[in-house]
1. Checking E119 against (1) in contact with an Asp or Glu (Cβ under 7 Å, 6 or more places away or on another chain); (2) closer than 29 Å to V152 by Cβ; (3) outside any loop (DSSP other than H, G, I, E, B); (4) of a type outside the set (A, V, I, L, M), only one condition comes out false. Which one?
2. Being out of contact with any Asp or Glu (no Cβ under 6 Å at 6 or more places or on another chain) and either charged (D, E, K, R) or not in a loop (DSSP other than H, G, I, E, B) (or both) narrows it down to one of Y247, Y294, so name that one.
3. Could you tell me which of the residues L300, L296, L241 is within 25 Å of D335 (Cα to Cα), aliphatic (A, V, I, L, M), surrounded by 14 or more Cβ atoms within 10 Å (Cβ to Cβ) and more than 20 Å from the chain's Cα centre (by Cα)?
4. Identify the residue in the range 316-348 that is in a helix (DSSP H, G or I) and among the acidic types (D, E) and, among all such residues, is farthest from the chain's Cα centre (by Cα).
5. Pick from T114, T76, T108, T60: which is of a type in the set (S, T, N, Q) and in contact with a Phe, Trp or Tyr (Cβ under 8 Å, 6 or more places away or on another chain)?
6. Could you pull out the residue among G222, G183, G153, G168 that is at pLDDT 95 or above, more than 23 Å from W103 (Cα to Cα) and surrounded by fewer than 19 Cβ atoms within 10 Å (Cβ to Cβ)?
7. Looking at A248, A277, can you tell me which residue is buried (at least 20 other Cβ atoms within 10 Å of the Cβ), within 15 Å of F324 (Cβ to Cβ), small (G, A, S) and at pLDDT 95 or above?
8. Does E111 satisfy being more than 21 Å from the chain's Cα centre (by Cα), at negative phi, in a helix (DSSP H, G or I) and touching a residue at least 24 places away in the same chain (Cβ under 8 Å)?
Amino acid sequence: MLAGAAALAGCASVGSSTMSRPIIIAHRGASGLRPEHTLASYRLAIAQGADFIEPDLVVTCDGVLVCRHENEISGTTNVADHPEFAGRRTQKVVDGVSAEGWWVEDFTLAELKTLRCKERLPQLRPANTAFDGQEEIPTFAEVLALARQAGVGVYPELKHPTFLAEQGLDPTPIFIAAVREAGGQSVADILYVQCFEIGPLRTLAQMSSIRWQCVQLMSAAGGPWDRRDLSYADMMSDAGLREIAAYARGIGPEKSLIIPRDSAGRSLAPTDLVQRAHAANLVVHPWTFRAENYFLPAELRRGDASAPDYMRQHGDLDAELRAFYAAGVDGVFSDFPAMAVAARTERGSEDPQ
């Protein structure tokens, strides 16, 4: 067991608005500085002090978990440059959304390993394109091995489990098998697992042979695809939070659910979601914290608003992070883990509790 990372997993003081050490979750690695979901991105996040690295998981046609934000990979790999795969381009409907492209579940792992990763947001992160073509798509097993070697936690997300199960590639048993193969209980001790759906988390929570900490993801709109009678708004009620606490350790809300914005994009006063979640014995890990003006509230944007590159310039992410730490969150997902660590350090010096 990696004792340091295991201790971090439970470091937050639930039920109190004063948290001694919110955890830093490297969102897709240090994805603000390297193409996301690459070993280079994860390694940089570890070097920058992240407590956890976050791999999003989808499944190959031969049943291997790999790290991609979506199962459609035209935006994050050079698959379009491979004429041998031209015939695999197809249109699918995933969780009610139609898209055309190339899909992980239509490739074997060996075929995916011939591709190379590229920056998903080149218009906002042009510097990251210098690393295009350098990295393979990593497997979940490779990320677990990297994290174990480095002594950090892992915070995977199961993507589109209902859709993948309908394709005969249910990611939940594959995930369980991968964790067991990597070391079972000792690995699970430093592992959160998150999902926008409910069923996989309930399944994982009921296991007695391996213990991990489940986190229910929630967005500002919509609801879990496997419970279309239920909205995330319903789940954020006091009764809904108590129900989540029966199978999960925490919630991962979209950050606007904690500090909303007005019609002009300026920050409003925090909601009471953190306090109510703590009252239900749930930790709170909001997403996603990014440095570019495009993602920041209007009052924290910096630079010349008339400049062509204004939206990709960096604003005051430090101030946004400190506002969320002050609101009592137990951790943050950030594309810039070094900035999240620095803001946490500043907060610690201001509030020794």
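1. (3)
2. Working: Y247 fails: either charged (D, E, K, R) or not in a loop (DSSP other than H, G, I, E, B) (or both).
Result of the check over Y247, Y294: Y294.
3. Working: L296 fails: more than 20 Å from the chain's Cα centre (by Cα); L241 fails: within 25 Å of D335 (Cα to Cα).
Being within 25 Å of D335 (Cα to Cα), aliphatic (A, V, I, L, M), surrounded by 14 or more Cβ atoms within 10 Å (Cβ to Cβ) and more than 20 Å from the chain's Cα centre (by Cα) holds for just one of L300, L296, L241, which is L300.
4. For the range 316-348, the residue satisfying everything is E346.
5. After ruling out the rest, the residue left standing is T60.
6. Working: G183 fails: at pLDDT 95 or above; G153 fails: surrounded by fewer than 19 Cβ atoms within 10 Å (Cβ to Cβ); G168 fails: more than 23 Å from W103 (Cα to Cα).
The unique qualifying residue is G222.
7. Numbers: A248 fails: within 15 Å of F324 (Cβ to Cβ).
Sole residue among the options that is buried (at least 20 other Cβ atoms within 10 Å of the Cβ), within 15 Å of F324 (Cβ to Cβ), small (G, A, S) and at pLDDT 95 or above: A277.
8. Details: more than 21 Å from the chain's Cα centre (by Cα): yes; at negative phi: yes; in a helix (DSSP H, G or I): yes; touching a residue at least 24 places away in the same chain (Cβ under 8 Å): yes.
The answer is yes for E111.
The values are calculated or read from the model by the stated rules, or taken from the named source; none is laboratory data. Here the structure is a predicted model, which is why all the values come from computation and not from measurement. Because the Cβ atoms are built from the backbone with ideal geometry, glycine has one as well, and the counts that use them run over all protein chains shown.
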